[in-house]
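Novice: One structure is given below, represented as structure tokens, and several questions about it will come after.
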Amino acid sequence: MGRNQQSSEPSIGVTGNVHLSPLDDDGRAGLASRSFVALLVTSFTVALNDNMLRWLLVPIGKTLMNDNLARAVGLAAFTAPFLLLAAVAGFTADRFSKRTVMIWCKAAEVLIVLTALAAILAGNVWVMFLLLLMMGSQSAFFVPAKFGSIPEIVRGRLIAPANGLIGMVSMFAIIAGTWAGNVLYDLTTIPGQGLPGTHRWWISAMALLSMAAGGLGASLLIGQLPAANPQRRLSPEVAGETLRALRLLFSHRNLFLVALASSFFWGLGAMSQLMIDKFAQFELYVSQARTGPLLGILVFGIALGNGLAGIISRGTIELGLVPVGAAGIAINAVLLCTVPESSPDSPAAAAYWWTMFWLWMLGLSAGLFDVPLQAYLQRHSPAESRGTILAAYNFMAFAAILLASPISWILCEPLGLSARQVFVVSGICTLAVLIAIVSKIPRQTLRLILESLIRLGYRVRIEGLEHFPRHGPVMLVANHVSYLDGFLLGVLLPRRVRFIVYADYFTGWWVRWFAWLAEVIPIYPGKRSVVVSLRNAQEALLEGRVVGVFPEGTLSPDGQIHEFQPGFLRVIRGTEAPVIPVYLDGLWGSVFSRSGGRILWKVLRRLVSFRRRRVLIRVGPAIRNPQDAEQVRQAIIRLGQGHYQQQAQAHWEATTP
């Protein structure tokens, strides 16, 4: 699934001398520089040739030996170098010029391709897989040098988009290489006539050698990059370093669990690739050339899921996407069993296209699953040990990919499961992971579900978020129009809000459970209980949390803002927490407000209209040390008046000639 295109923490060395485009003062170039374009081309050829050779040799191996064994050995041969050579590859990228490392990798690729072609012509399957191991080895050395060279080539502010371009190009190369390798097998193999891959073998030679030689030429165009640490020496205790890194990761329990979940994703992805090939062969009965698009659509779905996760997260770490992605993986893996039956004599087109659809959905779910986990690892790893922790995570991820090889063989050979059945097993295992994840992050899961439901029924616009502090204690004060107010503010604002709520609302067990998830601060009847509740709210502020309150104490009976109770002023005393006024508009007349009669009739009218209600959340400037509750109330009233003035101005401009 393209894991080979990622690396552990890249090594950042001395700035290289690149005189190929307008430069910043630090001597580095832009994304259009010759060096960076050459790096893009080189990276593309490496990823494409890796996957093209792999998916040419694996089908050949299936013909010359047991097909399940060939798939498993092919995965293990290509993946093992990334696990075994990670430390040596990182040392090489630091000790020598990264440009030199990449050039030698491409030169080695030319020799490996030539030898692989000779092995194909000789029909020696074990030499083919040995060369696939060598191909993986040169890629294992190439990846750290590639990522480490980016900060040495481009300007500092362009590092993030440069990484994005490299990732996008590599993803397209993986898809293209996977498809091309299967096509090459079909073009060079006539079943029952000669050795597989030897008919018109020159087609494979041209494709593989052109990419290898073209990439070698492109690597020579990369500007000179000095060695980052020419004095570095390779430690003989590589295994010891790996164990120490794993122990460090395990000592941070939350990070370890996140790394474990992400490693499960990569292992499941590797097994999915093997099962797709088996599914195409024994369930769909299609040619090897038509297997490539099935593998490619999975990778494309993952890329799309990655992008969608970034859009939904909006610059934050949205862990609530993890259980959503896990649920999607489990459901779509099982739904692959619903693909219509096919036969060797007349392969069903419907079965092929349904498989494409479910694999695309599977990849989309997988992309949603992994992006928040990666972001969490990068954001929450201690700065002083982030590189070590990410290296340990990479080891776990590659180990999971490698484990997919023997596990898939055991499931298919000794246990005799079909590809459909393996996908069902994968779905069931993911369901178990889903349950474990939800039990660990119930609040984030609930938050995302509620946000999805809210956005289905309401078109919400938020104004003034620049006034909302990103850190530190905050007392949030809002008008109270509907039963939905707390959900809107708790879900849509960028920080979790702990609301002060009357305990009378929590009579049922499920409501108490919901209140626990929402971390509400209940107020019970009785003077002493009220004092305790206010003290709990004050302690939350002292911990740097956001505390929310509706000072009117009850829902507005007419949509207007009524008198505020002053209890919140006691809460902020001595905390230095600013009061952030918030005005809610558009909820009066909704299903959850007190207008318009009984709730049943309002629900029926809403269902008939089929329109989402427009809602405004306007955040005002902070009020520090307010004199009384009326000062805050007037601030919220002014926020509402400002909204209506804007509406009137917009209406006047639209209607005035």
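Novice: Say we look at region 192-231 and pick out the residues that are at positive phi and not charged (D, E, K, R); which of these is surrounded by the most Cβ atoms within 10 Å (Cβ to Cβ)?
Specialist: Gly197
Novice: Can you tell me which residue among Arg512, Arg470, Arg443, Arg447 is at negative phi, among the basic types (Lys, Arg) and at pLDDT 85 or above?
Specialist: None of the others qualify; the one that does is Arg470.
Residues checked against (1) under 16 Å from Phe250 (Cα atoms); (2) open to solvent by less than 10 Å² (accessible area, probe 1.4 Å); (3) modelled with pLDDT of 90 or more:
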position: Tyr376; (1), (2), (3): yes, no, no
position: His380; (1), (2), (3): yes, no, no
position: Arg386; (1), (2), (3): yes, no, no
position: Ile389; (1), (2), (3): yes, yes, no
position: Ala392; (1), (2), (3): yes, yes, no
position: Ala400; (1), (2), (3): no, no, yes
position: Trp409; (1), (2), (3): no, no, yes
position: Val422; (1), (2), (3): no, yes, yes
position: Ile428; (1), (2), (3): no, no, yes
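Novice: Of Val286, Val299, which residue is part of a helix (DSSP H, G or I) and either at pLDDT 90 or above or β-branched (Val, Ile, Thr) (or both)?
Specialist: Selected residue: Val299, the only one of Val286, Val299 that is part of a helix (DSSP H, G or I) and either at pLDDT 90 or above or β-branched (Val, Ile, Thr) (or both).
Novice: Taking the condition of being within 15 Å of Leu417 (Cβ to Cβ) and surrounded by 21 or more Cβ atoms within 10 Å (Cβ to Cβ), how many residues in region 66-81 meet it?
Specialist: 2
Novice: Something else now. Return only the number of the condition from (1) closer than 22 Å to Ala108 by Cα; (2) modelled with pLDDT of 50 or more; (3) under 26 Å from the mean Cα position of the chain (by Cα) that Leu31 does not satisfy.
Specialist: Checking Leu31 against (1) closer than 22 Å to Ala108 by Cα; (2) modelled with pLDDT of 50 or more; (3) under 26 Å from the mean Cα position of the chain (by Cα), the one that fails is (1).
Novice: In the set Glu463, Glu413, Glu451, which member is farther than 27 Å from Gly269 by Cα, open to solvent by 30 Å² or more (accessible area, probe 1.4 Å) and among the acidic types (Asp, Glu)?
Specialist: Just a single option satisfies the conditions, and that option is Glu463.
Novice: A follow-up question, please. Give Leu431, Leu411 a once-over and let me know the one that is within 28 Å of Ile311 (Cα to Cα), among the aliphatic types (A, V, I, L, M) and in a helix (DSSP H, G or I).
Specialist: Within the list Leu431, Leu411, the selection yields Leu431.
Novice: Now a separate question. Taking the conditions exactly as written (modelled with pLDDT under 90 and open to solvent by 20 Å² or more (accessible area, probe 1.4 Å)), does Leu604 satisfy them or not?
Specialist: yes
Novice: Residue by residue through region 533-586, note down the ones that are closer than 13 Å to Ala629 by Cα and not in a loop (DSSP other than H, G, I, E, B).
Specialist: Selection gives Val549, Gly567, Phe568, Leu569, Arg570, Val571, Ile572, Val579, Ile580, Pro581.
Novice: Hey, another quick one. Inspect region 550-563 for any residue being open to solvent by less than 70 Å² (accessible area, probe 1.4 Å), modelled with pLDDT under 85, on the phi < 0 side of the Ramachandran plot and touching a Phe, Trp or Tyr at 6+ places or on another chain (Cβ under 6 Å) and give the result as yes or no.
Specialist: Checking region 550-563: not a single residue is open to solvent by less than 70 Å² (accessible area, probe 1.4 Å), modelled with pLDDT under 85, on the phi < 0 side of the Ramachandran plot and touching a Phe, Trp or Tyr at 6+ places or on another chain (Cβ under 6 Å).
Novice: Is it the case, given these coordinates, that Leu294 is part of a helix (DSSP H, G or I), crowded, with 23+ Cβ neighbours inside 10 Å and touching a Lys or Arg at 6+ places or on another chain (Cβ under 6 Å)?
Specialist: Considered against the rule, which asks whether it is part of a helix (DSSP H, G or I), crowded, with 23+ Cβ neighbours inside 10 Å and touching a Lys or Arg at 6+ places or on another chain (Cβ under 6 Å), Leu294 comes out as no.
Novice: Return the total of residues in region 407-422 being within 18 Å of Tyr285 (Cβ to Cβ) and aromatic (Phe, Trp, Tyr).
Specialist: 0
Novice: Among Ser262, Ser272, which is modelled with pLDDT of 90 or more, hydroxyl-bearing (Ser, Thr, Tyr) and assigned to a helix (DSSP H, G or I)?
Specialist: Result of the check over Ser262, Ser272: Ser272.
Novice: If you go through region 82-120, how many residues are among the small types (Gly, Ala, Ser) and either in a loop (DSSP other than H, G, I, E, B) or open to solvent by 10 Å² or more (accessible area, probe 1.4 Å) (or both)?
Specialist: 7
Novice: Restricting to region 477-500, name every residue that is over 28 Å from the mean Cα position of the chain (by Cα), farther than 20 Å from Leu542 by Cβ and not in a loop (DSSP other than H, G, I, E, B).
Specialist: Listed by number, the residues that qualify are Ala478, Ser482, Asp485, Gly486.
Novice: Of everything in region 607-623 that's modelled with pLDDT of 85 or more and more than 33 Å from the chain's Cα centre (by Cα), which residue is nearest to Arg638 (Cα to Cα)?
Specialist: Gly620
Novice: Scan Thr115, Thr92, Thr63, Thr79 and give me the residue that is among the polar types (S, T, N, Q) and without any contact (Cβ under 8 Å) to a residue 40 or more places away in the chain.
Specialist: Result of the check over Thr115, Thr92, Thr63, Thr79: Thr115.
Novice: Can you tell me which residue among Asn4, Asn49 is at pLDDT below 90 and closer than 20 Å to Leu111 by Cβ?
Specialist: Answer to the check: Asn4.
Novice: While we're here: Yes or no: region 174-191 includes at least one residue that is open to solvent by 30 Å² or more (accessible area, probe 1.4 Å) and among the polar types (S, T, N, Q).
Specialist: no
Novice: For region 142-161, which positions are out of contact with any Pro (no Cβ under 8 Å at 6 or more places or on another chain), surrounded by fewer than 22 Cβ atoms within 10 Å (Cβ to Cβ), part of a helix (DSSP H, G or I) and in contact (Cβ under 8 Å) with a residue 24 or more places away in the chain?
Specialist: Those that are out of contact with any Pro (no Cβ under 8 Å at 6 or more places or on another chain), surrounded by fewer than 22 Cβ atoms within 10 Å (Cβ to Cβ), part of a helix (DSSP H, G or I) and in contact (Cβ under 8 Å) with a residue 24 or more places away in the chain: Gly156, Leu158, Pro161.
Novice: For Leu132, work out the one condition from (1) within 31 Å of the chain's Cα centre (by Cα); (2) at pLDDT below 90 it doesn't fulfil.
Specialist: All conditions pass for Leu132, except number (2).
Novice: Can we say Met206 is assigned to a helix (DSSP H, G or I), under 25 Å from Ala119 (Cα atoms) and within 31 Å of the chain's Cα centre (by Cα)?
Specialist: For Met206, the condition - assigned to a helix (DSSP H, G or I), under 25 Å from Ala119 (Cα atoms) and within 31 Å of the chain's Cα centre (by Cα) - is not met.
The values are calculated or read from the model by the stated rules, or taken from the named source; none is laboratory data. Since the structure is predicted, the reported quantities are computational estimates derived from the model, not experimental observations. Cβ atoms come from the backbone with ideal geometry, glycine included; neighbour counts cover every protein chain shown. Areas reflect the complete protein model, heavy atoms only, side chains present, ligands, DNA and RNA absent. Shrake-Rupley method; radii C 1.70, N 1.55, O 1.52, S 1.80 Å.
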